[in-house]
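The values are calculated or read from the model by the stated rules, or taken from the named source; none is laboratory data. All of these numbers come straight from a predicted model, not from anything done at the bench. Using ideal geometry, Cβ is built from the backbone for each residue, glycine included, and neighbour counts are taken over all protein chains shown.
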């Protein structure tokens, strides 16, 4: 089964959306086309719809921008497995904003919660999407 590889790269930031909810975002200040940070779980959820929910995720965290070829020498984390991603705000017609769901679970591990303490660091994440598990 063919896979689709997508790279997400930039500085991890906190994005205030949906009233006061602080989502985990990714921002590349050198990219003139990017006006505001993208919410990581939301972006991956959209890509999962297009390419499949079986992911192979490799990611690196650094304190400064580092060329990808230098990152390959120090792989920090690799996750595989069925993935569930969610980013959705819940509202009531009467009271307004209620809460926001935000998660990105890969093989049972919540990647958003792993990355949240690293706000301010740079993230380089390579995800291979597939519609079927590895080996099928």
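Quick notes on this one:
- Residues of the range 112-134 classified as in contact with a helix residue (DSSP H, G or I) (Cβ under 8 Å, 6 or more places away or on another chain), more than 16 Å from residue 42 (Cβ to Cβ) and outside any strand (DSSP E or B), total: 1
- Residue within the range 100-110 that is closer than 15 Å to residue 15 by Cα, in a strand (DSSP E or B) and in contact with a helix residue (DSSP H, G or I) (Cβ under 8 Å, 6 or more places away or on another chain) present: yes
- Being out of contact with any helix residue (DSSP H, G or I) (no Cβ under 8 Å at 6 or more places or on another chain), surrounded by 13 or more Cβ atoms within 10 Å (Cβ to Cβ) and modelled with pLDDT under 85 is a description that applies to residue 97.
- Those residues of the range 38-71 which are under 26 Å from residue 82 (Cα atoms) and either free of Cβ contacts under 8 Å to residues at least 40 places away in the same chain or part of a loop (DSSP other than H, G, I, E, B) (or both), in sequence order: 38, 43, 46, 49, 52, 53
- Among the conditions (1) modelled with pLDDT of 85 or more; (2) at positive phi; (3) more than 14 Å from the chain's Cα centre (by Cα), residue 18 misses just one, which is (1).
- Selection status of residue 46, closer than 18 Å to residue 111 by Cα and loosely packed, with under 14 Cβ neighbours inside 10 Å: yes
- The single residue among 81, 52 that is surrounded by 11 or more Cβ atoms within 10 Å (Cβ to Cβ), over 15 Å from residue 7 (Cα atoms), over 13 Å from the mean Cα position of the chain (by Cα) and at pLDDT 85 or above turns out to be 52.
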